[in-house]
Amino acid sequence: MREGPDIRNETTGEVAGSVVQAGSIQHLSLSGSPRTELGTSEPRAVPRQLPLAIRDFTGRAEHLAALDALLPTDDEYAGPGPVVVSALDGAAGIGKTTLAIWWAHRVQDQFPDGTLHANLRGYGPGTPASPSEVLEGFLRALGVMAERIPVGFEAQAGLFRSVLAGRRVLLVLDNANSADQVRPLLPGTPGCVVLVTSRESLTGLVVTDAATRLTVDLLSEDEAVDLVTGILGPTSVAAEPKAIWELVQYCGRLPLALRIAASHANNPNITVAAVVSELVDERYRLDVLSRDRDERAAVRAVFDWSYQHLSVEHARVFRRLGLHPGPEFSVQTAAAMAELDLPEMRQVLAALTQAHMIEPAARRDRYRFHDLLRAYAADRVGRDDGPVERERTRRLLLEWYAHHAKIAHQILFPAHNDWNPALQLTTYTHPVIPLTGRKDAWSWAELERSNLIASVRDAHLHGQAHLTELLATATGMILFRLGYSKDLSNLHQSAITASRHRGDRLAEIHALLELGEAYMEAARWQDAESTFEVALDLSGALGYPWRQATALTQIGLVHLEQRNFAQAWSYLQSALPLAHGAQHGRMVAVIEGNLSLMCIALEDYPKALRHARRSILLFQGAHDREGEAITLHQMARAHHGLGDPQAAVLLCEQALDIDDHYRYRRTTAEILDTLGTLMYEAGDAARTLRCWCESLRIYEDFDDSRAAGLRDRLRILKATSENNSC
């Protein structure tokens, strides 16, 4: 994108060719300098979520000036005035989104605390975005961890207003269907500006929320010609001036139609006159200029016309991509679905981008559909390809995600590789992304997180039972370690249904165990225990002692978390004789570790140390570095209780020396908490502060109840220390 004095491109990457003007590009782009909360060095989240601004934006000078005039002055930002709300309304395809995004890019530097963007999906295919869905995304972007986001949109809206209090943030709410859809998303204090786009006039916002309404009309003829010129170039326009004028007329100066028509003419083998000759056909022209409010009918006709000018191969790929269930896809995913090599796939995607059938995402080699184009592609594959071909494409897609999720799981959790039968499913795919180590595996999993969740749902919806189990198992463990626990129960419930459908009782046991763990993470103790009880009964009936041991261990841990020590001890002791040999000794290590933890809680430190020593040897033999770090910490706590702080410090440092890719972040917080306590007792205030501050940040990320006590200790430390800043 070209930058000018009033425009800054705050995303990375380039836009290949022109861009379809209607709709929104659902892309998250974080940039800008981090800001800090008062009194702390902890960074404040500064989101910059605007989609890419198109490079050939033209016209709309009056609208831009009107929007500029609505910006508060510095005095108004600080004053008691209301939140400024501006509503852009107009017909479908008129360019509301393009105008809103272009203007927002021009002014977002006036909002130092961030820019939020959401496509509310008020019109078009798919279900409109709920206030809760949007609020959760905004809160996460503003730095609120998922575990701290309350249930219910009213509570979420209250937290959202609290987080925004005192901040200057620009919000762009695109494609709203009513004032009621927008109101829960409005800040409650001055300092923020909200720009809403909608087909509706949103009179309710004007009446009750002091919104300023701006109606976006058709481009003027000069603006329309400028738009076409920006796409085709001045040479082509000069060569066919009459055809250009006819193109503008037949497209009715509607930006969406102009972009599609001009982009088709932007081909050395096709003249503008040839495109015009097809637009003369009343079927196309009347669809584009349809008077009724059914945008899908008109847009489908426009896309049909564009689709019919694709080559056979490009059309085949476009249709297949319509089966992708996630928000964006990589060139590798597309190649797997289309059964093409990467170089050829890149050429096809470039051609589809030039034809405005897909959109490039900011990350290199990643693409997305506009919502209407996604629906159109799915409709075409339903009409043009038979059910066998559709299911083959879907399986190619799901197996690509399943294969890489399995590889990532094997790299990240080697001690679990031969435990769950779902992970033994043989997968093959092409092309394969090389995941050569833990860093690669974590990066890929984080990047594809939304697609992995969508793939589990899609596999379950279309009866791919084996792939549902594999995807849910591999994805569930990864999500848990990344701290995304919200989707875990749904994933594992899908796996339970799939295993029962296949009659695979062992797979059902594992899915039940994983569902119980998801309930534990959410502190749903009763649900967790009852789920583990079902797994225990089924394991006993089918003669799987190792799985019985697992269920008993987990029930024991449920009681341990609730400090029901007698019950916990009974369950853990019952599990021990059934666990020998399971997971190369890892299961016994887990039980011994839990017994050590209980003894520490009961202040029986010699016994805790004996259990921990047995546990760590078994974890080391099973190559479970995470378990090793946990047990080293328990040994440190036992030595601390026995009055040997030097040994405790060494054990904590040894645990922290284990690479952080192997450690669960909450485990790291616990180790740092203990090490900080040891340093405090040794009189090392500076190191105490470093340990406790880092531990507190992690506790707060997980909304851990231990954060409150640690904050109190930090206040005492800071009151007596010269260096009192985290």
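Just so you know, all these numbers are worked out from the coordinates, no wet-lab data involved. Just so it is clear, the model here is predicted, and its values are computed rather than measured. No Cβ is skipped: glycine too gets one built from the backbone with ideal geometry, and neighbour counts run over all protein chains shown.
Worth pointing out:
- Cα-Cα pairs of region 580-726 separated by more than 18 Å (percent): 58 percent
- Its relative contact order, with pairs defined as Cα atoms under 8 Å and 6+ residues apart, puts the chain at 9 percent.
- In nm, spacing of pseudo-spin labels at Arg55 and Thr189 (7 Å Cα→C-beta vector): 4.2 nm
- Within region 603-702, GluC sites (Glu not before Pro) in DSSP loop having at most 12 other beta-carbon neighbours inside 10 Å: Glu603
- Cysteine residues of the chain whose C-beta has no other cysteine C-beta under 4.7 angstrom: Cys192, Cys251, Cys599, Cys652, Cys691.
- Gained length - Thr127 relative to Phe480, 0.36 nm times residue gap less alpha-carbon distance: 124.3 nm
- Region 466-527: equivalent-ellipsoid semi-axes (sqrt of 5 x gyration tensor eigenvalues, Cα, Å): 19, 13, 8
- Remark on Thr215: its backbone amide H falls under 5 Å from those of Asp89, a criterion applied only to residues 5 or more positions apart or on other chains, H modelled at 1.01 Å from N.
- Distant-in-sequence amide H partners of Leu195 (H built 1.01 Å from N, under 5 Å): Ser86, Leu171, Val172, Leu173
- Ordering of 138-146, 379-387 by packing is 138-146, 379-387, highest average first (other Cβ atoms within 10 Å, averaged per residue).
- Fraction in percent of alpha-carbon pairs per bin - 10 Å, the chain: 3, 13, 21, 22, 19, 13, 7, 3, 1, 0
- Region 312-385: proportion of alpha-carbon pairs further apart than 22 angstrom, %: 9 percent
- Only alpha carbons enter this Debye calculation for region 35-215, each as an equal point scatterer, and the log10 of I(q)/I(0) it gives at q = 0.13, 0.17, 0.18, 0.20 Å⁻¹ is -0.64, -1.12, -1.26, -1.56.
- For q = 0.19 Å⁻¹, Debye-computed log10 I/I(0) when each Cα of region 141-268 counts as one equal scatterer: -0.98
- For region 668-726, the equivalent ellipsoid derived from the Cα gyration tensor has semi-axes of 18, 12, 9 Å, listed largest first.
- Per-residue ellipticity at 222 nm, computed for the chain from helices alone with -39500 (n - 2.57) per DSSP H run of at least four residues, works out to -19000 deg cm²/dmol.
- Extension gain for the segment Ala66 to Ala523, taken as residue separation times 0.36 nm less the Cα-Cα distance, is 159.4 nm to one decimal.
- Between Ser450 and Asp384, the modelled label-to-label distance comes to 2.6 nm, taking each label 7 Å out from Cα in the direction of the beta carbon.
- Bins of 5 Å from zero: percent of alpha-carbon pairs in region 580-638: 4, 26, 34, 20, 11, 4, 0
- Compactness index (Cα Rg / 2.2 N^0.38 Å), region 386-520: 0.97
- DSSP beta bridges fully contained in the chain are about 30 percent antiparallel.
- Ranked from largest, the principal axis spans of the Cα set of region 483-609 equal 49, 31, 22 Å.
- In terms of its C-alpha gyration tensor, region 386-443 comes out oblate, because a/c is 1.5 or above while a/b does not outweigh b/c.
- Potential extension, Ser570-Glu653 segment - 0.36 nm per residue separation minus Cα distance: 26.6 nm
- Beta bridges from DSSP with both residues in region 35-215: antiparallel share about 10 percent, rounded to the nearest 5.
- Near-label residues of region 507-541 by backbone N, under 19 Å of a point 7 Å along Cα→Cβ of Val151: 515-532
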